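Q: This structure is in structure tokens; I'll ask about it shortly.
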């Protein structure tokens, strides 16, 4: 399955009042007419123009467009004059195309055992390709390539097992991400997996006690020596917190 995405992303540029005063009312009107002409052109031409140009108006002109109008004869006029302000610039960046395809698999399984009820769950994602084109006519970028300037794992997975036996519940879960580009984008960083566990005991209908441990094996993120500063890994994907435990008591008053 392939998904094509078309996006228009607004970007604001603030400018000083001196710079914007040079635009003037006549220039603002001309730019607005130009924008109207673009809208009436073909879709492809319009997108190409948006991706390479920006319309800059003084804030007075913008506020004038948004000011409440009052009918006077056959004309509509603004209620109040705009107040002086610094300025506001508005432009658009056209993301010409972004597409991705891959496989997502999720499975759930429940079964009775001599020890209690066992529930298993797992999910797996593999991205086959992920391409991105910022401007119309640009070369497509493979986001999964080692030198793409994007850090995206091709594969991710998670699994858990839960055993319920009387007042006791035991749970273990794990997560996995595949290799990622290193900071210099000339090699790969090793895959990474962590595991967590928890035990819960119901004293009665109102009181429950639980103990949870994250990162059971106290595994550090894979070190990337091409990073020039601490913590020497991509913290967008890895958690630097080692083994940690939590003890909790829950009581229901009603």
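Q: Which of (1) buried (at least 16 other Cβ atoms within 10 Å of the Cβ); (2) assigned to a loop (DSSP other than H, G, I, E, B) does residue 171 not meet, given it meets every other one?
A: Result: residue 171 fails condition (2) only.
Q: Also, I was wondering about something else. Which of the residues spanning region 124-156 are free of Cβ contacts under 8 Å to residues at least 12 places away in the same chain and outside any loop (DSSP other than H, G, I, E, B)?
A: 141
Q: Restricting to region 111-123, count the residues that are loosely packed, with under 11 Cβ neighbours inside 10 Å and either part of a strand (DSSP E or B) or at pLDDT 95 or above (or both).
A: Qualifying residue count for the region: 3.
Q: Among the residues of region 204-220, how many are without any contact (Cβ under 8 Å) to a residue 24 or more places away in the chain and either in contact with a strand residue (DSSP E or B) (Cβ under 7 Å, 6 or more places away or on another chain) or more than 18 Å from residue 176 (Cβ to Cβ) (or both)?
A: Number satisfying all stated conditions: 1.
Residue by residue, here is whether (1) out of contact with any strand residue (DSSP E or B) (no Cβ under 9 Å at 6 or more places or on another chain); (2) exposed (fewer than 15 other Cβ atoms within 10 Å of the Cβ); (3) part of a loop (DSSP other than H, G, I, E, B); (4) free of Cβ contacts under 8 Å to residues at least 12 places away in the same chain holds:
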position	(1), (2), (3), (4)
194	no, no, no, no
222	no, no, yes, no
229	yes, yes, yes, yes
241	no, yes, yes, no
246	no, yes, no, no
253	yes, yes, yes, no
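Q: Quick test of your reading of the structure: residue 177 fulfils all but one of (1) in contact (Cβ under 8 Å) with a residue 60 or more places away in the chain; (2) not assigned by TED's automatic domain parsing to the domain that holds residue 238. Name the failing condition by number.
A: For residue 177, the exception is condition (2).
The values are calculated or read from the model by the stated rules, or taken from the named source; none is laboratory data. Note that the structure is a prediction, hence the values are computed from the model and not measured. Please note: Cβ atoms are built from the backbone with ideal geometry, for glycine as well, and neighbour counts cover all protein chains shown.
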